[in-house]
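Undergrad: This is the structure I have questions about; it appears just below.
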Amino acid sequence: MNKRWCSTTPTGIRLAVQITPNAKKTEVVDILEDVLKLKLHAPPVDGKANEALIRYIAEVLHVPKTSISITHGFTSKRKLLEIRAPHVTIEAVTAAFSV
């Protein structure tokens with residue numbers, strides 16, 4: 001089952017996320033057809049929200065932070081992330097972020 005917010009690439013998995021910074025805690029808010037909505041407990045300054053996003057995704061998927069990169073949307077609330085880890089599948093990502 002291929003979701004538009006989670007798709008395969010030649011090197012791994014791509015996630016489309018929309019973040020809301022400055023939240024009380026980091027959590028999944030909703031899963032829409034085209035985006036995974038997250039709240040982040042980090043301000044949107046000096047890359048802190050991007051760092052918190054990568055840290056959170058790495059913890060949830062049990063992958064090293066170095067295997068995750070933001071490919072689009074560094075300064076936007078909508079971002080594309082690429083996860084380069086052989087054991088991470090669309091099914092595993094969907095299960096990890098189910099709300």
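Each value in this text was obtained by applying a stated rule to the coordinates, not by laboratory testing. Here the structure is a predicted model, which means the values were calculated and not measured. Neighbour counts are summed over all protein chains in view; Cβ atoms, including those assigned to glycine, are modelled from backbone coordinates with ideal geometry.
Undergrad: Looking at (1) farther than 20 Å from T20 by Cα; (2) in contact with a strand residue (DSSP E or B) (Cβ under 7 Å, 6 or more places away or on another chain), can you tell me which one P86 breaks?
TA: Every condition holds for P86 apart from (2).
Undergrad: One residue is enough: does the range 51-61 have a residue meeting the conditions in contact with a strand residue (DSSP E or B) (Cβ under 9 Å, 6 or more places away or on another chain) and touching a residue at least 60 places away in the same chain (Cβ under 8 Å)?
TA: No, the range 51-61 has no match at all.
Undergrad: Further question: Starting from the range 62-91, take each residue that is on the phi > 0 side of the Ramachandran plot and list its partners that are of a type outside the set (K, R) and in a strand (DSSP E or B), counting only C-beta distances under 7 angstrom and pairs at least six apart or across chains.
TA: G73/L80
Undergrad: Kindly provide the set of residues from the range 28-43 that are touching a helix residue (DSSP H, G or I) at 6+ places or on another chain (Cβ under 8 Å) and either over 19 Å from C6 (Cβ atoms) or touching a residue at least 40 places away in the same chain (Cβ under 8 Å) (or both), ordered by number.
TA: H41, A42, P43
Undergrad: In the range 7-35, how many are touching a Pro at 6+ places or on another chain (Cβ under 7 Å) and under 16 Å from A92 (Cβ atoms)?
TA: Filtering the range 7-35 for residues touching a Pro at 6+ places or on another chain (Cβ under 7 Å) gives 21-22.
Next cut, under 16 Å from A92 (Cβ atoms) only: none.
Qualifying residue count for the region: 0.
Undergrad: Taking the condition in contact (Cβ under 8 Å) with a residue 60 or more places away in the chain and β-branched (V, I, T), does I13 pass?
TA: Details: in contact (Cβ under 8 Å) with a residue 60 or more places away in the chain: yes; β-branched (V, I, T): yes.
The answer is yes for I13.
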